[in-house]
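Asker: Shown below is the structure under consideration.
Just so you know, all these numbers are worked out from the coordinates, no wet-lab data involved. Predicted model, so just to flag it, every value in this text is computed and none were measured. We place every Cβ from the backbone using ideal geometry, glycine too, and count neighbours over all the protein chains shown.
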């Protein structure tokens, strides 16, 4: 899933403490444990803990402690850790969809400008600790793709669903500006997520957020190149 600001919406896309993305909005991220019902607090605690530690290292006890709810309450809402994993991926998709729907990159009239504004927005929200801006569903998918198909599929639905939300702008940009070689809007939209998710992995590997920003800069150059749009001076 990754990239104005709205308090309360989480992208976590992933969230840890409340993080400011750029100068406009807050993305979905950690809320204080006294807010919301027990299930929501468990989902938000799971999101933050998995982002910080990974899915495998996160225990039910960790989540209950972070949410400040009892283990009995946890098992009232979830049958186990796998069901929690599916639910937190779905929660991520819902909250980040709202976050991106309200983001300012939708404003430009030209569809190519909207696509470029999307990339710029995703770069602008790369701030703070690695766990504060990387992607929950991308993190989980890498861990569980082979042995937790239900969680993998929920993560895939989130990432590919977000990619699909960009297809209309890519198609309108192709229609307005042309595109050689039979490239499709859907494949271009998926490619943005390939680069963004890869940028997060490289940033984690190098323990350096600047590596993620570098990846987004190259994505911007690539899009300008294929649409023959010169970079702004």
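Asker: How long are the semi-axes of the equivalent ellipsoid of the stretch 20-226, defined as square roots of 5 times the Cα gyration tensor eigenvalues? Whole Å, largest first.
Answerer: Values: eigenvalues 214, 57, 51 Å².
For the stretch 20-226, the ellipsoid semi-axes come out as 33, 17, 16 Å.
Asker: Using the C-alpha gyration tensor of the stretch 35-111, what are the square roots of 5 times its eigenvalues, in whole angstrom, with the largest one first?
Answerer: Working: eigenvalues 177, 32, 22 Å².
In descending order, the three semi-axes are 30, 13, 10 Å.
Asker: Additional query: So for 196, 159, fewest C-beta neighbours within 10 Å to most, what's the order? Don't skip to the end; give the middle numbers.
Answerer: Values: 196 27, 159 24.
By the 10 Å Cβ count, ascending: 159, 196.
Asker: Counting other beta carbons within 10 Å of each Cβ, put 158, 73 in order, fewest first.
Answerer: Details: 158 26, 73 17.
In order of increasing Cβ crowding within 10 Å: 73, 158.
Asker: Another question, then. Using the 10 angstrom Cβ neighbour count as an exposure proxy, how do 60, 183 rank, fewest first? Kindly include the intermediate steps, with their values, before the conclusion.
Answerer: Numbers: 60 16, 183 13.
The order, fewest Cβ neighbours first, is 183, 60.
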